[in-house]
Structures are given as C-alpha cells and as structure tokens.
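In what follows, a structure is listed as structure tokens, so that the remarks can point back to it.
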Amino acid sequence: MNRLLQDLRVVEISAFVAAPLGGMTMAQMGAEVIRIDPIGGGIDFARWPVTTDGASLYWAGLNKGKRSLALALDKAEGREIARALVTAPGPGGGILLTNLPPLRGLDFASLKEARADMIVLRLTGNRDGSAAVDYTVNAASGFPLVTGPGGAPTNHVLPAWDIAAGLYLATGLLAAERHRSRTGEGQEVVAALADVMLATVGNLGYVGDVQVNGHARPAIGNDLYGSFGRDFATADGRRVMIIALTPRQWRALGQATGLGDRLAMIGPMMGVDLDTEAGRYEARDMIAALLARWCAARSLDDIRQVFAGTGVLWGQFQDFHQLVLDDPRCSEANPLFAMVDQPGIGRYLTPGSPLDFSASPRLPPRPAPVLGEHTDIVLAEVLGFSSAEIGRLHDERIIAGPKGR
C-alpha cells in the first residue's frame, strides 16, 4: 500500500468481486475507501472460502485497507446518511463506486442535485440493465467451448471478467476524477460486465478472426494457439508448461535440452519455417513428441536446473497448496506479501498492491475491517455527528458497529 491517492474519498456500495476489487485498488494506493454494508453484512459477507468458524477469507481478501460502515439501507434515514456521506463536501470526495442497483436517492441524478461535481462509477450486468454475473457472461464469451479438448464447455474457476471489470472501474474512476480536477465537472461512468467480456474478445482478435477469416479458434487442449506451447509430464509425476514465442526462446529451448539438431530437422520435413510462430504451431505435434520424451526422463528439479538462466520460457503446474508452501514468490521474500493479523481470522500471508511506485515507498498491507468497525468514527469525522446523535442511531438500528453493536 502507499499514499499516492490519500486526498481521495470513495464511498463503495458493492458486493462480490468487481466493485470491491476496484475499491480495494484505490485503497491500496492510499484513498480513503468507505464500504457501506447492510447491518449484519451484505450478500457476499459469508462467501467461500471461509474459516472453520465461518469467517469469509474471500470478503477479507477483497476489502483490505477500507473503512467499514454498517447502515440500514432499507430505511429512509439510513439512505439519507449514505447520501450525505457520498455527497459530503471536500475536493477529494463526491465519488460513489457501486455494482448494485441504485437505491432511492442514491442514483446519479439525485446525487448530482446535492453535489454538482458528483462522480458515480456504476457496473451493470448487461448493457440493457439486465442481470449478469461473471459465469453467465463467460458462458457467452466462446472461451468455455475452446478451453480444454473441446466438446462440453469448461466453466473455469477464475472470475476473469469480474477482475477485468474491477480494474476498469478503478481506471475509470481515476480518469473521471482527473477530468473533474481540470474542469470541475462530475459525471456518471457506466460499464457493463458483458461489454468488458466483449471488448476483451475483440481486443484479442477473436471477433476479427470470425469476420475477416471466416473461422474461429479451435479447442486445442493445452496447446498455445498460433505458436508453440504445451504441457509435459515429468519423471516424478509433475507437469510443466514449455513455451517458445520468439526465435530466441526457440533457440534457447533447443540448446538447453540438447535437442537443437533434431528439432531443426522438423522444419524441412514439414516444409515450415520454425523461426516463425506459425511454423512452430503447425509443427507442434512433432516438436512435442521430442520434448515429451526429454521431460519424461527428468524430474521437475532436474528440469528446473537445466533451464535456469538459459532464457527458456517455462513454468511448473502447481496446486494452491504447492503455491503457498513451495513457491518463494508466494512468501515474505516477495515484497508484495506480509503477514497480517486479520480480525476474526488470524495471522496469515496477505498481498498488497502489485504496483511498485518509485516516488512512493511501499507500506505493509492493512487488514480488512471488521463489519461496521468505522461506523461511529466515519459519521463523526465526515458528517460531524455528535456522540448523542450516533447513540440514537444505534438505538434505532439505523447504524451498527462491530458485530452489530
């Protein structure tokens, strides 16, 4: 975390991945991000993975460094408090980030009446406003039908569109705030999750492939489309991915394995140029036959030692246990990580921002808040509520502190 955005205050009303990730991205760069949840927690408060006590590691992971306010948004006074927080004065305030349907009084038009330079970042499912989530959007993307060997779709577990949408929201927030700082104008920025998917499919060339070439990417298992890349089994039952995107990587692979001469014979035999990605893709089965025998005769450690410092592009397949226990990149040896005491969960390895800024030193990651942890202090600091007024709101169940108190 760092303090680059410490002059911004973002109010987040969100759930699940995209908007919480966008807000956390801002928090990790120093913005004050106030997440408003219903009393008792929102729809993602207990989402898996959870501890044996039911505390959500998922929720903690996506809300690091934020302030938490528990508020009865189903009551008019609760919504008025949320509206007051969102539109509170100050040059860095007046920013709402949400992926939930707008509540009465918290839509852009209403908020703009209270603050003319209001910025709202809003994520929808489909462009027409209908509901969608990552997995329904992904089903339409084409990727599940070309992931793996083909046939039945593969519903992969990475919520790629949510992640991309969250980062788009963060980028859009910064662009809108920069525009406001130049012109004084606020605006509503709307992104549809389906459009994030469609833009990516187009950006990667798959829309053009159909329209220009009249065909689409096939299902080719673990091969790399349009170049050489495939997974191979090792002598000790592990698997590695070996890639050769560039002529330099291709030559390095031949030299490191000692297969250079035999690999070079494949080009004339098949009439392809192995110095090109297209040539290596066309000859991938013959290339892979040689590499499969080479890998099968060596352990993972053997391959690691052979490839070290050679310029070969490769990686090992590992499960989450192996990643956490064996990979030094997923440890405190990497400045990305630190051991953090997360209330209600315990002490465990926690990442900060993947970005390193030379002008702003990296600070340790902060834990996620306890639900409602900052309710009282936010209302006092931002809205100037007295202790008596805060007490009344607690008594009337308009607000709540930690554990609903």
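The values are calculated or read from the model by the stated rules, or taken from the named source; none is laboratory data. Just so it is clear, the model here is predicted, and its values are computed rather than measured. Glycine also receives a Cβ, built like all others from the backbone with ideal geometry; neighbour counts cover every protein chain displayed. Side chains are part of the model used for accessible areas, which takes the heavy atoms of the whole protein and leaves out ligands, DNA and RNA. Shrake-Rupley method; radii C 1.70, N 1.55, O 1.52, S 1.80 Å.
When the Cα atoms of the stretch 107-154 are aligned to their principal axes, the ranges along those axes come out at 55, 17, 11 Å in descending order.
For the stretch 82-99, putting each phi into the Karplus relation 6.51 cos²θ - 1.76 cosθ + 1.60 with θ = phi - 60° gives couplings of 4, 4, 5, 5, 4, 9, 4, x, x, x, x, x, x, 10, 10, 10, 8, 10 Hz, in residue order, rounded to whole numbers and with x for Gly and Pro. Mean residue ellipticity at 222 nm, helices only, the chain: -11000 deg cm²/dmol; runs of at least 4 DSSP H residues each add -39,500 (n - 2.57), and the sum is divided by the number of residues.
Residues whose amide H comes within less than 5 Å of that of residue 12, counting only those at least five positions distant or on another chain, are 34, 35, 36, 97 (H built at 1.01 Å from N in the peptide plane).
State, as an integer percentage, the relative contact order of the stretch 150-265 based on alpha-carbon contacts under 8 Å between residues 6 or more apart. Reported as a whole number, the value is 13 percent.
Label positions at residue 377 and residue 133, each projected 7 Å from the Cα along the C-beta direction, are separated by 3.3 nm.
Residue 47 to residue 246: FRET efficiency via 1/(1 + (r/R0)^6), r the Cβ-Cβ distance, R0 30 Å, to the nearest 0.05? It comes to 0.15. Can you grab the distance from the C-alpha centre of the stretch 217-254 to the C-alpha centre of the stretch 261-330, Å, no decimals? Between the Cα centre of the stretch 217-254 and that of the stretch 261-330, the gap is 5 Å. Using the Cβ-Cβ distance between residue 116 and residue 386 with R0 set to 25 Å, the FRET efficiency from 1/(1 + (r/R0)^6) comes to roughly 0.30. Placing a label point 7 Å from the Cα of residue 74 along the Cα-to-Cβ direction, the residues of the stretch 386-401 with a backbone N closer than 14 Å are 397-399. How far apart, in nanometres, would the label points at residue 370 and residue 326 be if each is projected 7 angstrom from Cα along the Cα-to-Cβ direction? Distance between the two pseudo-spin positions: 3.9 nm.
For residue 100 and residue 306 in the same chain, what is the full-extension length gain: residue separation times 0.36 nm, less their Cα-Cα distance, in nm?
69.0 nm
For the chain, the longest principal axis of the C-alpha atoms and the axis of helix 160-183 are separated by about 50°. Of all stretches in the chain that contain no GluC sites (Glu not before Pro) in a DSSP loop with at most 16 other Cβ atoms within 10 Å, the longest one is 1-184. On a per residue basis, the chain carries 50 Å² of accessible surface, using protein heavy atoms and a 1.4 Å probe.
Could you tell me whether the stretch 34-142 comes out rounded, prolate or oblate from its Cα gyration tensor? Rule is a ≥ b ≥ c as square roots of the eigenvalues, rounded for a/c under 1.5, then prolate if a/b exceeds b/c, otherwise oblate. In terms of gyration-tensor shape, oblate. Working note: Karplus 6.51/-1.76/1.60 with θ = phi - 60° gives the stretch 259-274 the couplings 9, x, 5, 5, 5, 5, 5, 5, x, x, 4, 9, x, 10, 9, 6 Hz, where Gly and Pro are set to x.
Taking 0.36 nm per residue of separation and subtracting the Cα-Cα distance, full extension of the segment from residue 126 to residue 348 would add 76.2 nm. With each label modelled as a point 7 angstrom along the Cα→C-beta vector, the residue 209-residue 181 pair spans 4.0 nm.
Quick one: compute the contact order of the chain, relative version, from alpha carbon pairs under 8 angstrom and 6+ residues apart, as a percent.
Taking the mean separation of contacting Cα pairs over the length of the chain, I get 19 percent.
Amide H contacts for residue 124 (H built 1.01 Å from N in the peptide plane; partners 5 or more residues away or on another chain; cut-off under 5 Å): 191, 192, 193.
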